[in-house]
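I have placed the structure first, in the form of structure tokens, so that the comments after it can refer back to it.
The values are calculated or read from the model by the stated rules, or taken from the named source; none is laboratory data. Quantities reported herein were computed from a predicted structural model and do not represent experimental measurements. Neighbour counts run over all protein chains shown; Cβ positions are idealised from the backbone, glycine included.
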């Protein structure tokens, strides 16, 4: 038992070292941590409240008083972007959590039992895969109605097929190994085998997929808000800010530029970290 624990610790240490050496991944992680800290301490960082209006200071260009200018209602764009990080990160993590929970369950059951169960579950997943995830999220959001909760559900369900296939592939490679056969022989129940033996050994691809999926979930939520099916005003959300400012894009560039750059930087950082994590967890890169 002690040798197994030491081996796991050495593997984890090796993964951390490889991740640390990846400068691009570290930059992505730094930006992600900065966004999380900003979201947590938004009331302390933002100079104004997100819905504070000043109709005498509408459409102001960036200045020392308003770092990113003001919108058409005189609201400080910098403050709204800071508060908007709460909404975007919340949607991203919770939507991915929904996708991982449902998709992981379906993928595990499909791979472990195989046969008829596998055919039923995977044909259902194939139907969902035939619909683009963004279009599927739009359809679900349109059926449920706009709002934060419905947007998270819509985006989460749209990602279920991806996680189901990733987990199924991972479980298929693990379930035939000797220690799984040994657990079956001594009478361990199926759900314990799946939860305690198979899933912990099939988590690496799922972790990478989930990390990259947060970026896609934030982008999908922004797209829903942009077309009016996501978070509703006056709640600050980056996609909704883009949608509200598109009518002023010719005369007041800052209204759409800063929310757009924030979305781009967030997605870029998550992708960098996800790629670095994938490389660090890849056993073929061990030296």
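If you check residue 161 against the conditions, is it within 24 Å of residue 92 (Cα to Cα), surrounded by 13 or more Cβ atoms within 10 Å (Cβ to Cβ), without any contact (Cβ under 8 Å) to a residue 60 or more places away in the chain and touching a helix residue (DSSP H, G or I) at 6+ places or on another chain (Cβ under 9 Å)? Give the derivation first.
On the way: within 24 Å of residue 92 (Cα to Cα): yes; surrounded by 13 or more Cβ atoms within 10 Å (Cβ to Cβ): yes; without any contact (Cβ under 8 Å) to a residue 60 or more places away in the chain: yes; touching a helix residue (DSSP H, G or I) at 6+ places or on another chain (Cβ under 9 Å): yes.
Judged against the criteria, residue 161 is a match.
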Practice task
Determine if segment 24-47 includes at least one residue that is more than 18 Å from residue 88 (Cβ to Cβ), at pLDDT 90 or above, assigned to a loop (DSSP other than H, G, I, E, B) and touching a helix residue (DSSP H, G or I) at 6+ places or on another chain (Cβ under 8 Å).
Solution key: yes
Fill in the blank from the handout: Per the list (1) surrounded by fewer than 22 Cβ atoms within 10 Å (Cβ to Cβ); (2) touching a residue at least 12 places away in the same chain (Cβ under 8 Å), residue check on residue 182 breaks on (2)
Problem - Qualifying residue in segment 93-102 (condition: surrounded by 22 or more Cβ atoms within 10 Å (Cβ to Cβ), more than 30 Å from residue 189 (Cα to Cα) and modelled with pLDDT of 90 or more) - result: yes
Exercise for the section: Within segment 185-208, identify whether any single residue is within 30 Å of residue 48 (Cα to Cα) and either touching a strand residue (DSSP E or B) at 6+ places or on another chain (Cβ under 9 Å) or buried (at least 23 other Cβ atoms within 10 Å of the Cβ) (or both), and answer yes or no. Expected result: no
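Any residue at all in segment 223-234 that's on the phi < 0 side of the Ramachandran plot, in a helix (DSSP H, G or I), touching a residue at least 60 places away in the same chain (Cβ under 8 Å) and surrounded by 22 or more Cβ atoms within 10 Å (Cβ to Cβ)?
Taking segment 223-234 and keeping what is on the phi < 0 side of the Ramachandran plot, we get 223-227, 229-234.
Subsequent filtering for residues that are in a helix (DSSP H, G or I) retains 223-226.
Still in the running and touching a residue at least 60 places away in the same chain (Cβ under 8 Å): 223-225.
The next check asks that each one be surrounded by 22 or more Cβ atoms within 10 Å (Cβ to Cβ); those that pass are 224-225.
Yes, segment 223-234 has at least one match.
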Problem - Of residues in segment 133-179 being within 16 Å of residue 221 (Cβ to Cβ) and not in a helix (DSSP H, G or I), the one farthest from the chain's Cα centre (by Cα) - result: 145
Practice task
Evaluate segment 255-278: report whether one residue or more is more than 25 Å from the chain's Cα centre (by Cα), part of a helix (DSSP H, G or I) and crowded, with 16+ Cβ neighbours inside 10 Å.
Solution key: yes
Exercise for the section: Select from segment 111-120 the residues that are in a helix (DSSP H, G or I), modelled with pLDDT under 90 and touching a helix residue (DSSP H, G or I) at 6+ places or on another chain (Cβ under 9 Å) and list them in ascending order. Expected result: 111, 112, 113, 117, 118
